[in-house]
Amino acid sequence: MSTPTDLVRRYWERCWNERAVDELGEIFHESYQHNRSEATVAEHAAIIEDTVRSFPDVRVEIVDIAATGDAVISRARFIGTHGGVVFGIGPTGRAMSAPTLDVYFFQNGKVATLWHLTDHLPILRGLGAEVRIAGQVADLE
């Protein structure tokens, strides 16, 4: 039997890196909490597919993973090349790398709640986008 940590590793490696979105239902409940919204496995598959359209070679590298009680926490990094529209920006061919932090809460052997956070600023910087605050180009270094 797979542990929750095994399932999180499988999620990143199979569902994301190998595009095996058909395996999401073996990891997540059919309906689960995704941040503050109810989501379905099909909607989660669409998120992966949409990301792949924007970054066709996207892969996820697990930086760290830890389990505590019924929860698993992972830090990961999305790495890819901009090949489709994202944030309204057409393909640039530029590289992107963005960190994520995810907390998975398990019930009955599957994810019942996922708290997901991606830092989008490195993606925007990687694509050469200017970040503006009140009309002024922001230096967020």
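Taking the conditions exactly as written (exposed (fewer than 15 other Cβ atoms within 10 Å of the Cβ), touching a Gly at 6+ places or on another chain (Cβ under 7 Å) and more than 15 Å from residue 17 (Cβ to Cβ)), does residue 46 satisfy them or not?
Values: exposed (fewer than 15 other Cβ atoms within 10 Å of the Cβ): yes; touching a Gly at 6+ places or on another chain (Cβ under 7 Å): no; more than 15 Å from residue 17 (Cβ to Cβ): yes.
Against the criterion (exposed (fewer than 15 other Cβ atoms within 10 Å of the Cβ), touching a Gly at 6+ places or on another chain (Cβ under 7 Å) and more than 15 Å from residue 17 (Cβ to Cβ)), residue 46 does not qualify.
Considering each of 134, 67, 138, 112 in turn, give the residue that is within 21 Å of residue 22 (Cβ to Cβ) and among the aliphatic types (A, V, I, L, M).
Residue meeting the stated conditions: 112.
So which strands (runs of 3 or more DSSP E) stay within region 33-118 end to end and still have 1 or more residues that are among the aromatic types (Phe, Trp, Tyr)?
Numbers: elements: 37-40, 59-68, 71-81, 95-107, 110-118.
The qualifying strands (runs of 3 or more DSSP E) are 71-81, 95-107, 110-118.
Say we look at region 69-84 and pick out the residues that are closer than 15 Å to residue 115 by Cα and among the β-branched types (Val, Ile, Thr); which of these is surrounded by the fewest Cβ atoms within 10 Å (Cβ to Cβ)? Steps first, please.
Here is the first cut: in region 69-84, the ones closer than 15 Å to residue 115 by Cα are 70-76.
Retained after the next criterion (residues that are among the β-branched types (Val, Ile, Thr)): 72-73.
On the way: 72: 23, 73: 16.
Checked region 69-84; the qualifying residue surrounded by the fewest Cβ atoms within 10 Å (Cβ to Cβ) is 73.
For residue 61, indicate whether it is out of contact with any strand residue (DSSP E or B) (no Cβ under 9 Å at 6 or more places or on another chain), closer than 24 Å to residue 95 by Cα and loosely packed, with under 15 Cβ neighbours inside 10 Å. Show your work before the answer.
Working: out of contact with any strand residue (DSSP E or B) (no Cβ under 9 Å at 6 or more places or on another chain): no; closer than 24 Å to residue 95 by Cα: yes; loosely packed, with under 15 Cβ neighbours inside 10 Å: yes.
Spelling it out, it is not the case that residue 61 is out of contact with any strand residue (DSSP E or B) (no Cβ under 9 Å at 6 or more places or on another chain), closer than 24 Å to residue 95 by Cα and loosely packed, with under 15 Cβ neighbours inside 10 Å.
Could you look through region 119-130, keep only residues that are part of a loop (DSSP other than H, G, I, E, B) and out of contact with any Lys or Arg (no Cβ under 8 Å at 6 or more places or on another chain), and pick out the one that is surrounded by the fewest Cβ atoms within 10 Å (Cβ to Cβ)?
First, the residues of region 119-130 that are part of a loop (DSSP other than H, G, I, E, B): 119-120, 127-130.
Filter again for out of contact with any Lys or Arg (no Cβ under 8 Å at 6 or more places or on another chain), leaving 119-120, 129-130.
Working: 119: 13, 120: 11, 129: 15, 130: 9.
Among residues in region 119-130 that are part of a loop (DSSP other than H, G, I, E, B) and out of contact with any Lys or Arg (no Cβ under 8 Å at 6 or more places or on another chain), the one surrounded by the fewest Cβ atoms within 10 Å (Cβ to Cβ) is 130.
I'm told residue 110 meets every condition in (1) charged (D, E, K, R); (2) closer than 25 Å to residue 24 by Cβ; (3) without any contact (Cβ under 8 Å) to a residue 60 or more places away in the chain except one. Can you identify the failing condition by its number?
Evaluating residue 110 over (1) charged (D, E, K, R); (2) closer than 25 Å to residue 24 by Cβ; (3) without any contact (Cβ under 8 Å) to a residue 60 or more places away in the chain leaves (3) as the failure.
Exactly one of these conditions fails for residue 22: (1) surrounded by fewer than 14 Cβ atoms within 10 Å (Cβ to Cβ); (2) part of a loop (DSSP other than H, G, I, E, B); (3) touching a helix residue (DSSP H, G or I) at 6+ places or on another chain (Cβ under 9 Å). Give me its number.
Of (1) surrounded by fewer than 14 Cβ atoms within 10 Å (Cβ to Cβ); (2) part of a loop (DSSP other than H, G, I, E, B); (3) touching a helix residue (DSSP H, G or I) at 6+ places or on another chain (Cβ under 9 Å), only one is false for residue 22: (2).
Throughout, read-outs are computed from the coordinates displayed, never taken from laboratory work. Values in this document were obtained by computation on a predicted structure and should not be read as measured data. Positions of Cβ are backbone-derived with ideal geometry, glycine not excepted, and every protein chain shown enters the neighbour counts.
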